[in-house]
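What follows is a set of notes on a single structure, which appears directly below.
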Amino acid sequence: MAIPATDPWGDSFSDAERALLAPFVTDLDAPIFGLRNLPEVVKGALFSRYSRTDKSLRRILLDEFIQAPESGFAAIVGGAAASGADQLVAVRQAEAFYERVLIGYGDDSVAELGGAHVACEGVSNIAAKALEDARLGISPLEKSTRYVVFNRKQAGRYRYLRERAIMDSRHAAAYERALDGLFDTYSALLDPTIAAVRARTPRDAQTSERAYNSATRAKACDLLRGLLPMAALTNVGLFGNGRAFEYLLTRLYAAPLAELNSLAVAMQQALDALIPSFVKRARSERGQAQQAYLRGARERVAALLDERRKTNDQGADFAALVAGPSSLLDEHDVELVEYDPDAEAKVVADILYPHAELPLSELRALAAAMPADERLALVRAYAGERGSRFHRPGRAFERPVYTFDLLADLGAYRDLQRHRVLTQERQRFGVGHGYVTPAELEEYGLAGQYAAALEGAAAVAAALAAELPEPSQYAVPLAFRVRWRITINLRAAYHLAELRSAPQGHPAYRRIAQAIYAQIRAAHPTLAEAMRFVDTSDYALERLDAERRLDARLGQR
């Protein structure tokens, strides 16, 4: 049925009313329209009224906002007729009015109706990971170690965080020497690495000079990014809704690092200028109570572990596990720790569910008794003929859940951590699991300098960890490995494995994506059969095909 072209509620507006509404809606008559030229808090307040009135949104906007004297909206509508000072007063008056509307609504979900863009520049990689740890409601974009060279200096100094606690400690000079050494080595190896990459992968006639130069430079940056410390400064752009920002601020306020606490204050100031009503609770009594809860949970667990280390109630094995890495755990880079052996029958039951009238328990019994070939036929019909990785099976594939324990270099973690439809948690960044040296640097004869810089930083990071365990993470280079766990459903695993195994991806995370696919396929071959866009090949220049496609779009040869 076609959507009607006129207001379904029968609203009609006078010419004067239409003139008032016109700047703020994309259409004055159609039932599907957008809002524009309104502060985020106004949009949120407008939508919050949907659940409390039978009026149309345009009528609400006109009656309760634009024409309500107490809203302060008249001065805003006045536009150029109002002075800058009057406009500012009007906006503040309007903010207070809309805030009362939001409070009257009384539901946290209202804070999801307004959003903001926030730029976070000159933050460490640790801060970037804290910002990107928000799973829902916030979309981040970060400065890339592949396309941007990180050896630029400012006022004669490399751009990395000189963390306050470290710089006030006896390790300050060693910290700066070690991190300067990492950046010096990165700078010294950049041109030789680019030259070596180009010598071993010469340009062919089908590849433009632009595409070739871009791909080989990206390859060199990929090979050397392990030298960058977690203290390296980067930029992160965020777009999110008010509710997500409120919780992000709460977590940053409660974090154990001073940089993150300062970042919370700075972001609060920026968001207060954009969507103040949506984020004010992060610093309210409620927000402070939530911060105390988060800090308390972390500190209570740490205190219990410290006590067990001292008393060693659980024996030497427990003490070793909580004190540092275990060589036994380091054998597996990707380990499938847990999955449901009965997942196939449960998926079939979920596939049947919308087509049946039986309860789920009976459908599960039916699916469990079904011959294997019938289950396979249903799974194949449901997955269909996938034409690309964007054609993902439906929600029945969210039934199977897999828990993986991952061990990889920090560079790979940085990339994979941004996946949000999963549960993940990492251990502390450190040097105990060793570092990864790209095979190409060995081949090029550059691995010695690379290793020397890493080992110098590792010594400082280890010394810091004994006295300043949280700040010590800033000294850890990206080449060192970190352990983290993920719990992911099959549908999300399709996305992760197929996206992150693509040819243009970094080899470190491509191997993890390929291993995740292989282990899911071994556990549930029928369910993994349609995961056909996982690329298991190796490539000398990962970015080259992508750069060639860009050339085609640009019309270059």
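Select from region 177-211 the residues that are open to solvent by 20 Å² or more (accessible area, probe 1.4 Å), under 20 Å from ASP551 (Cβ atoms) and of a type outside the set (D, E, K, R) and list them in ascending order.
Hits for region 177-211 are THR201, PRO202, ALA205, GLN206.
Looking at ARG198, ARG170, which is the one that is part of a helix (DSSP H, G or I), of a type in the set (D, E, K, R) and without any contact (Cβ under 8 Å) to a residue 24 or more places away in the chain?
None of the others qualify; the one that does is ARG198.
Quick one: how many residues across region 223-257 are part of a helix (DSSP H, G or I), of a type outside the set (Lys, Arg) and open to solvent by less than 30 Å² (accessible area, probe 1.4 Å)?
13
Among what's in region 402-427 and is in contact with a Phe, Trp or Tyr (Cβ under 7 Å, 6 or more places away or on another chain) and hydrophobic (A, V, I, L, M, F, W, C), pick the residue that is farthest from PRO507 (Cα to Cα).
That would be LEU406.
If I ask for residues that are open to solvent by 60 Å² or more (accessible area, probe 1.4 Å) and aromatic (Phe, Trp, Tyr), which ones from region 7-39 would you list?
Of everything in region 7-39, just one residue is open to solvent by 60 Å² or more (accessible area, probe 1.4 Å) and aromatic (Phe, Trp, Tyr), namely TRP9.
Evaluate the following for ALA220: is it open to solvent by less than 10 Å² (accessible area, probe 1.4 Å), without any contact (Cβ under 8 Å) to a residue 40 or more places away in the chain, more than 28 Å from LEU113 (Cβ to Cβ) and of a type in the set (Gly, Ala, Ser)?
Yes: the conditions hold for ALA220.
Based on what the data block shows, is ASP180 in contact (Cβ under 8 Å) with a residue 60 or more places away in the chain, charged (D, E, K, R) and in a helix (DSSP H, G or I)?
In short, no.
Filter region 270-322 for residues that are closer than 18 Å to PRO469 by Cα and acidic (Asp, Glu); which is modelled with the highest pLDDT?
If we take residues in region 270-322 being closer than 18 Å to PRO469 by Cα and acidic (Asp, Glu), then GLU299 is modelled with the highest pLDDT.
Report yes if ALA264 is aliphatic (A, V, I, L, M), more than 20 Å from GLU425 (Cα to Cα) and either open to solvent by 40 Å² or more (accessible area, probe 1.4 Å) or not in a helix (DSSP H, G or I) (or both), otherwise no.
Judged against the criteria, ALA264 is not a match.
Is it true that PHE429 is open to solvent by less than 40 Å² (accessible area, probe 1.4 Å), in contact with a helix residue (DSSP H, G or I) (Cβ under 9 Å, 6 or more places away or on another chain) and under 27 Å from VAL482 (Cβ atoms)?
So PHE429 passes the test.
Counting only residues that are open to solvent by 50 Å² or more (accessible area, probe 1.4 Å) and in a loop (DSSP other than H, G, I, E, B), which one in region 40-55 is modelled with the lowest pLDDT?
Selected residue: ASP54.
This table checks each residue for (1) closer than 22 Å to SER262 by Cα; (2) surrounded by 13 or more Cβ atoms within 10 Å (Cβ to Cβ); (3) at pLDDT below 65.
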site	(1), (2), (3)
LEU57	no, yes, no
ALA74	no, yes, yes
ASP86	no, yes, yes
LEU102	no, yes, yes
GLU112	no, yes, no
GLY122	yes, no, no
ALA128	yes, yes, no
GLU142	yes, yes, no
TYR147	no, no, no
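The values are calculated or read from the model by the stated rules, or taken from the named source; none is laboratory data. These numbers come from a predicted model, not from an experiment. Quick reminder, even Gly has a Cβ in these numbers, built from the backbone with ideal geometry, and neighbours come from all protein chains shown. Ligands, DNA and RNA are stripped out before the accessible areas are found, and what is left, the full protein with its side chains, is counted by its heavy atoms. Shrake-Rupley method; radii C 1.70, N 1.55, O 1.52, S 1.80 Å.
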